[in-house]
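Asks: Here it is: the structure, laid out below.
Each value in this text was obtained by applying a stated rule to the coordinates, not by laboratory testing. Bear in mind the structure is a predicted one, so any value in this text is a computation, not a measurement. Virtual Cβ from ideal backbone geometry, glycine too; neighbours counted across all protein chains shown.
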Amino acid sequence: MSAKPHNKVVIIGSGPAAHTAAIYLARAELKPVLYEGMLANGMAAGGQLTTTTDVENFPGFPTGIMGPELMENMRKQSLHFGTEIVTETVAKLDLSSRPFKYWLEWAEDEPPRTADAIILATGASAKRLHLPGEETYWQSGISACAVCDGAVPIFRNKPLVVIGGGDSAAEEALYLTKYGSKVYVLVRKDKLRASNIMANRLLKHPKVEVLFHTVAVEAKGEKVLKSLVIKDTRDGKTRDLEANGLFYAIGHEPATSLVKTQLDVDEDGYVVTVPGTTETSVKGVFAAGDVQDKKYRQAITSAGSGCMAALECERLLAEEEDAGAPIMVEAMKESNGVVPESKSNPLV
Amino acid sequence: MTVHHISSSSEFESLLSSTMYVVSDFYADWCGPCKAIAPMYEKMAESASIQGYLAFAKINVDNNQDISSKYGVTAMPTFMFFKNGKQVAVNGNALIRGADAQALASATAKLAKLAKEKQDAGVKVGA
């Protein structure tokens, strides 16, 4: 652990929002510390883009770029401008007073670390359906990540199923055509939500069959998944569909377990921000990226809100500094007379 | 000693028959969690490997379908443990599925201790 116990601004997250915020804050010489997490929320640092392949809609890459490579580039850019990146997971946050306190995973009994401002960019992760049989075959045929698990032998030349009708469903299904004999896509409604370009690719692919008006109701198998019971939503009739793999692409849930009792979240659990800003209900906490966005959820919109969070955070800290640094006074009181370390960061 | 990058089932078999304890990491290039845990795995291999007693293998599932089928790999990464060529449970886990750093660290620590004891006692592989 190299990070100092007190920092002006701490970023929690590892996706486009977190790194864009870090790049702006580092260039503003605020010496941001970014906790990218060690498989925080079950995902590798880099976030949801590490579970994708080609990203074709992030401007600046004329022929597209691989998701993991895009994230590696962003990480390098953050480091290059002086962000301190810590590969540990923030396990607990206390937003009740400033400076905010936080604890790292496996060190929750140690004294807290503190920050004057926090940028929350913890993102979201794929939703599951929790079908009967899902627990039994989880990771034995049912996977959260087609790109991670596509290559395992149980999927080779076997029928596979993707549930969902959006762009990520289309992407996963197309990726799985490399491995499976056939890829079924189950769509609850009568049409795909995916963008035209992805929908057309999907519908045209010889290995893909899109089953509209169809939902899954049960996962069955022996040691591994063998079939799904599927239901036609129009007449309610069920039938078995042979399937050795099942992949969910039915949307996301925001990763708010650190904060959901401490700041305002909406009915779906997303962090509420003041419209047009990244300000949350707690002064000094800014939220960016998918943790506060259930509408766009794109790499580029995440990056955009990460930039907003950095600029808003910078402005707040500057205003408070002009007003005579009330934060430090509080910090000294809080920590039993131990003055927070303030020597310059040797890494920068 | 570093990680053995396995490129064929015969190479894996020969590692299993020449080394008392083998830890194996079944992974794929595009798997984020696999990448995330890789540096830790490398470090463990560097610090804990003992020639003939404890080795660390990495098996690319894409390139080694035969090995991954044989051991029933269904998700990535998957970590398995072998003693004298047979797959064994460590700390009650038949295998570790997913990049569970804590479980992997404690399983490896246990094997490192056992391997050291066997080496000190002069027990040979297969005995």
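Asks: To the nearest 20 Debye, how big is the dipole of the protein assembly as shown about its Cα centre, given +1 on the beta carbon of each Lys and Arg and -1 on that of each Asp and Glu?
Replies: My answer is approximately 1440 debye.
Asks: Next up: Under a Cβ-only charge scheme (Lys and Arg +1, Asp and Glu -1), can you give me the dipole magnitude of segment A:1-127 about the Cα centre, in debye to the nearest 20?
Replies: On the way: 11 positive and 14 negative charges, 77 e Å.
Result for segment A:1-127 is approximately 360 debye, rounded to the nearest 20.
Asks: With the contact rule set at Cα under 8 Å and sequence spacing of 6 or more, what percent relative contact order holds for segment B:4-117?
Replies: Working: 176 pairs, mean separation 40.1, N = 114.
RCO, segment B:4-117: 35 percent.
Asks: Within a 10 angstrom radius of the beta carbon, how do A:L95, B:L15, A:L186 rank from fewest other beta carbons to most? Could you put the intermediate results ahead of the total?
Replies: Numbers: A:L95 21, B:L15 18, A:L186 24.
Going from sparsest to densest Cβ surroundings: B:L15, A:L95, A:L186.
Asks: Okay, moving on. Antiparallel versus total DSSP beta bridges in segment B:4-117: what percent is that, nearest 5? Display every interim value, and only then the final one.
Replies: Working: 13 of 23 bridges.
Bridges in segment B:4-117 are about 55 percent antiparallel.
Asks: Taking amide H positions as placed 1.01 Å from N in the peptide plane, with prolines and chain starts having none, which residues 5 or more places from A:I85, or on another chain, fall under 5 Å of its amide H?
Replies: A:L34
Asks: How large is the dipole of segment B:21-78 about the Cα centre if only Lys and Arg carry +1 and Asp and Glu carry -1, each at its Cβ, rounded to the nearest 20 debye?
Replies: Numbers: 4 positive and 6 negative charges, 21 e Å.
The dipole of segment B:21-78 has a size of about 100 debye.
Asks: Of B:A99, B:S14, B:A121, which is farthest along the charge dipole of chain B in the positive direction, counting Lys and Arg as +1 and Asp and Glu as -1 at C-beta?
Replies: B:A121
Asks: Tell me which of A:Y248, A:I163, A:S181 sits at the most positive position along the dipole axis of segment A:122-259, charges placed on C-beta atoms (Lys, Arg +1; Asp, Glu -1).
Replies: A:S181
Asks: Under the rule a/c < 1.5 gives rounded, and otherwise a/b versus b/c splits prolate from oblate, where does segment A:132-246 land using the Cα gyration tensor?
Replies: Numbers: a/c = 1.87, a/b = 1.13, b/c = 1.65.
Because a/c hits 1.5 or more and a/b fails to exceed b/c, segment A:132-246 counts as oblate.
Asks: Please sort A:297-306, A:260-269 by packing, taking for each peptide the average over its residues of neighbouring beta carbons within 10 angstrom, highest first.
Replies: On the way: A:297-306: 21.6, A:260-269: 13.3.
In decreasing order of mean packing, A:297-306, A:260-269 become A:297-306, A:260-269.
Asks: Oh, and also: Which whole number gives the average count of other chain Cβ atoms within 10 Å of the Cβ atoms across peptide B:87-98?
Replies: Working: counts 0, 0, 0, 0, 0, 0, 0, 0, 0, 0, 3, 5.
Per residue, the average neighbour count from other chains is 1.
Asks: Counting DSSP beta bridges with both partners in the protein assembly as shown, what percentage is antiparallel, nearest 5? Please list the in-between numbers first.
Replies: On the way: 39 of 81 bridges.
Around 50 percent antiparallel, to the nearest 5.
Asks: If you don't mind, another one. Kirkwood hydrodynamic radius for chain A: how many Å is it when counted over pairs of different Cα atoms? Mind showing how you got there, number by number?
Replies: Working: mean 1/r = 0.0463 Å⁻¹.
Value: 21.6 Å, from the Cα pair sum.
Asks: Still on this structure, I have one more. Could you work out how far helix A:67-80 tilts from the main Cα principal axis of chain A, as a 0 to 90 degree angle to the nearest 10?
Replies: 10 degrees
Asks: What residue among B:M44, B:P77, A:A45 has its Cα farthest toward the positive end of the dipole of the protein assembly as shown, where the charges are +1 on Lys, Arg and -1 on Asp, Glu, each on the Cβ?
Replies: Towards the positive end, the residue furthest out is B:P77.
Asks: Summing -39500 (n - 2.57) over the DSSP H runs of n ≥ 4 in the protein assembly as shown and dividing by its residue number, what mean residue ellipticity at 222 nm do you reach, to the nearest 500 deg cm²/dmol? Don't skip to the end; give the middle numbers.
Replies: On the way: 12 runs with 139 residues, N = 475.
It comes out at -9000 deg cm²/dmol, rounded to the nearest 500.
Asks: Output wanted: per-residue J couplings in Hz (rounded whole) for segment B:75-87, from phi through Karplus 6.51 cos²θ - 1.76 cosθ + 1.60, θ = phi - 60°, x for Gly and Pro.
Replies: 7, 10, x, 10, 10, 10, 10, 10, 10, 6, x, 9, 5
Asks: Can you tally the net charge around A:A249? Count Lys and Arg as +1, Asp and Glu as -1, for every other residue whose Cβ sits under 13 Å from the Cβ of A:A249. Write down the numbers at each step before the final one.
Replies: Details: positive: A:K127, A:R128, A:R188, A:R193, A:R297; negative: A:D167, A:E171, A:E172.
Every neighbour counted, the sum reads +2.
Asks: Would you work out the relative contact order for chain A, in percent, from Cα pairs under 8 angstrom that are 6 or more residues apart? All intermediate terms of the calculation are to be shown ahead of the outcome.
Replies: Numbers: 750 pairs, mean separation 70.0, N = 348.
It comes to 20 percent, rounded to a whole number.
Asks: Here's a follow-up. Of the peptides A:110-118, B:87-95, how do they stack up when ordered by the mean number of other Cβ atoms within 10 Å, highest first?
Replies: Packing order, densest peptide first, comes out as A:110-118, B:87-95.
Asks: Would you tally the net charge around A:K223, using a Cβ to Cβ cut-off of less than 15 Å, leaving A:K223 out, and scoring K and R as +1, D and E as -1? Walk me through the intermediate numbers first.
Replies: On the way: positive: A:K158, A:K220, A:K226, B:K70, B:R97; negative: A:E135, A:E222.
Here the count lands on +3.
Asks: What aspartates and glutamates sit close enough to A:K260 to cross-link, taking a C-alpha to C-alpha distance under 20 Å and skipping anything fewer than 8 places away on the same chain?
Replies: Answer for A:K260, where 20 Å is the Cα cut-off: A:E36, A:D94, A:E105, A:E108, A:D116, A:D268, A:E279, A:D290, A:D293, listed by chain and number.
Asks: Computed over the Cα atoms of segment B:4-117, what is the ratio Rg over Rh, Rh following Kirkwood?
Replies: Values: Rg = 12.6 Å, Rh = 13.8 Å.
Looking at segment B:4-117, the ratio lands at 0.92.
Asks: Less than 20 Å apart at the alpha-carbon level, and either on another chain or at least 8 residues along: which aspartates and glutamates does that give for A:K191?
Replies: Partners found: A:D167, A:E171, A:E172, A:E209, A:D232, A:D235.
Asks: Just checking chain A: which Cys have no other cysteine's beta-carbon under 4.7 Å?
Replies: Singleton cysteines: A:C307, A:C313.
Asks: Moving on. As a footprinting exposure proxy, order A:H19, A:H205 by other Cβ within 10 Å, with the fewest listed first.
Replies: Listing A:H19, A:H205 from fewest to most nearby Cβ atoms yields A:H205, A:H19.
Asks: Cross-link list A:K178/B:K35; A:K182/B:K58; A:K76/B:K43; A:K207/B:K35; A:K4/B:K116: which exceed 26 angstrom alpha carbon to alpha carbon?
Replies: Working: A:K178/B:K35 21 Å; A:K182/B:K58 30 Å; A:K76/B:K43 22 Å; A:K207/B:K35 30 Å; A:K4/B:K116 38 Å.
Over 26 Å Cα-Cα: A:K182/B:K58; A:K207/B:K35; A:K4/B:K116.
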